Number of protein chains: 2
Amino acid sequence: MKNIRVASTPTIKRLPAYLHIIEAAAREGKEYISGTVIAEELELEPIQVRKDLATTGIVGKPRLGFPVAELVQAINGFLDWNTVHNAIILGAGHLGTALMGYRIFPRHGMHIVAAFDSDTGKIGTKINGVPVYALPELKERVRKLQVELAILTVPSSHAQQVADLLVDCGIQSIWNFTNIKIKVPPGVIVQKEDLSSGYAVLSVKMRLARDAAPEE
Amino acid sequence: MKNIRVASTPTIKRLPAYLHIIEAAAREGKEYISGTVIAEELELEPIQVRKDLATTGIVGKPRLGFPVAELVQAINGFLDWNTVHNAIILGAGHLGTALMGYRIFPRHGMHIVAAFDSDTGKIGTKINGVPVYALPELKERVRKLQVELAILTVPSSHAQQVADLLVDCGIQSIWNFTNIKIKVPPGVIVQKEDLSSGYAVLSVKMRLARDAAPEE
């Protein structure tokens, strides 16, 4: 494996978008893809793309660009998306259900193997092929299913309580979609998803566009 | 209003998290908040916090920190979250329904005033208080409701077709939750939301933790 360097969070966040473009190039049978083409597609600066991709250990060749197959392999290796990661969903509401139907996750190694909910109308059913269990079954299922990752989509008022349960079951990584900053012991990884961030970027673009528009 | 500088996308994405913390301090009656306290809460470097907040035009005072009321006002002004922005949802499926119930949006000025779907079982009903209309009503409703923003949560196979409709109705800003990179005329703002980005960050953290762990 190539030498993998430490990457900044913004760089890591851009890697999936690069991967989608480079995989499309691979499907079209292309051997090389230029950083400039990727940059144009994503409206980024070419130097940014080259710097980001360098973190995966792959450097482009002058005039040819980046080797497509190697780059797909390197990005997937960097993100650890070549191996299967079993995940569970806590809270089979609308957001949880939407995530269970999100087709891109299995392509990136994430397999949602079970969901947990307190709604007796959902327990025992399957949603998008994923079985829904009662919370008291959590510990046994986590052990049996070799779960690496828990996705938290419960109502915010239950977030900490369910997070405590997850930690108690030995879960080491939590993807938190609630509005609550959950407290976990040292060593447990929490990634908080905040839709307000995307809305903030959109809001600033809208304000700048409005300010730039001629007065009516 | 203070001088507002251009901010990078990562800076803008961090502003909502700052705002949530500073609003909590305001509710507790605090007059000042230190950059170090904000940094610790969000696991960022204090210098990063101070640089980010400087883009809103507010500078902290030595020993006191940032003035809470002024900073809330400045961030909301920077993000244009003090004014109401009417939004519509295209696709009242699970993700669309989850977003209609997302309580943080109205606090940030976004009011979802209507949803559109092709499912006759949903048309004419209300979801989380939001009326659901048929797509052929789009143009008239957009005009009447003074819609600024459309949130795209249709199946990816319909994304471009519905985006074309939105542009045709004069919508200038689209928040795209589909997997498709939609094509729009110059001047139309598109913000693509990609959950793979958060998953990528989480995946790298999981890989680094595993690599650092002692062999079993």
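Restricting to the range A:160-184, name every residue that is more than 14 Å from chain B (Cβ to nearest Cβ) and crowded, with 22+ Cβ neighbours inside 10 Å.
Within the range A:160-184, the first condition is being more than 14 Å from chain B (Cβ to nearest Cβ), and the residues that meet it are A:160-169.
A:V162, A:A163, A:L166 - these are the residues of the range A:160-184 that are more than 14 Å from chain B (Cβ to nearest Cβ) and crowded, with 22+ Cβ neighbours inside 10 Å.
Taking the range A:67-90 on its own, how many of its residues are in contact (Cβ under 8 Å) with a residue 60 or more places away in the chain, more than 19 Å from A:I22 (Cβ to Cβ) and in contact with a His (Cβ under 8 Å, 6 or more places away or on another chain)?
The qualifying residues number 3.
Among the residues that make up the range B:5-25, is at least one of them modelled with pLDDT of 95 or more, part of a helix (DSSP H, G or I), away from every other protein chain (no Cβ under 12 Å) and over 20 Å from the mean Cα position of the chain (by Cα)?
yes
Specify which of the listed residues (B:V167, B:V132) is of a type outside the set (K, R), assigned by TED's automatic domain parsing to the domain that holds B:R103 and in contact with an Asp or Glu (Cβ under 6 Å, 6 or more places away or on another chain).
B:V132
Answer yes or no as to whether B:E193 is more than 9 Å from chain A (Cβ to nearest Cβ) and of a type outside the set (A, V, I, L, M).
Numbers: more than 9 Å from chain A (Cβ to nearest Cβ): no; of a type outside the set (A, V, I, L, M): yes.
For B:E193, the condition - more than 9 Å from chain A (Cβ to nearest Cβ) and of a type outside the set (A, V, I, L, M) - is not met.
Residue-wise test of (1) within 13 Å of chain B (Cβ to nearest Cβ); (2) in contact with a strand residue (DSSP E or B) (Cβ under 7 Å, 6 or more places away or on another chain); (3) acidic (D, E).
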residue: A:I38; (1), (2), (3): yes, no, no
residue: A:T55; (1), (2), (3): yes, no, no
residue: A:V59; (1), (2), (3): no, no, no
residue: A:F66; (1), (2), (3): no, yes, no
residue: A:G77; (1), (2), (3): yes, no, no
residue: A:I89; (1), (2), (3): yes, yes, no
residue: A:G121; (1), (2), (3): no, no, no
residue: A:V132; (1), (2), (3): no, yes, no
residue: A:L135; (1), (2), (3): no, yes, no
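Show the residue pairs that are 6+ apart or on different chains and have beta-carbon atoms under 7 Å apart, the first residue being within the range A:23-48 and free of Cβ contacts under 8 Å to residues at least 40 places away in the same chain, the second being surrounded by 16 or more Cβ atoms within 10 Å (Cβ to Cβ) and assigned to a loop (DSSP other than H, G, I, E, B).
Correct list of pairs: A:G35/A:G60.
Is it the case that some residue within the range B:102-116 is over 17 Å from the mean Cα position of the chain (by Cα), within 30 Å of A:A212 (Cα to Cα) and at pLDDT 95 or above?
Yes, the range B:102-116 contains a residue that is over 17 Å from the mean Cα position of the chain (by Cα), within 30 Å of A:A212 (Cα to Cα) and at pLDDT 95 or above.
Scanning for something surrounded by 17 or more Cβ atoms within 10 Å (Cβ to Cβ) and in contact with a strand residue (DSSP E or B) (Cβ under 7 Å, 6 or more places away or on another chain), does the range B:13-23 turn up at least one residue?
Yes: one or more hits.
In the range A:184-216, what count of residues is obtained for those that are among the basic types (K, R) and closer than 24 Å to B:A98 by Cα?
Just the residues of the range A:184-216 that are among the basic types (K, R), to begin with: A:192, A:205, A:207, A:210.
Filter once more, so that each one left must be closer than 24 Å to B:A98 by Cα: A:192.
Summing the residues that are among the basic types (K, R) and closer than 24 Å to B:A98 by Cα in the range A:184-216 gives 1.
If you take just the strands (runs of 3 or more DSSP E) that sit entirely in the range B:107-154, which of them hold at least 1 residues that are closer than 25 Å to A:S203 by Cβ and free of Cβ contacts under 8 Å to residues at least 24 places away in the same chain?
The strands (runs of 3 or more DSSP E) meeting that bar are B:130-133.
Of all residues in the range A:86-97 being in contact with a Phe, Trp or Tyr (Cβ under 9 Å, 6 or more places away or on another chain) and assigned to a helix (DSSP H, G or I), which is surrounded by the fewest Cβ atoms within 10 Å (Cβ to Cβ)?
Result: A:L95.
The values are calculated or read from the model by the stated rules, or taken from the named source; none is laboratory data. Quick caveat, the model's predicted, so the values are computed rather than measured. Quick reminder, even Gly has a Cβ in these numbers, built from the backbone with ideal geometry, and neighbours come from all protein chains shown.
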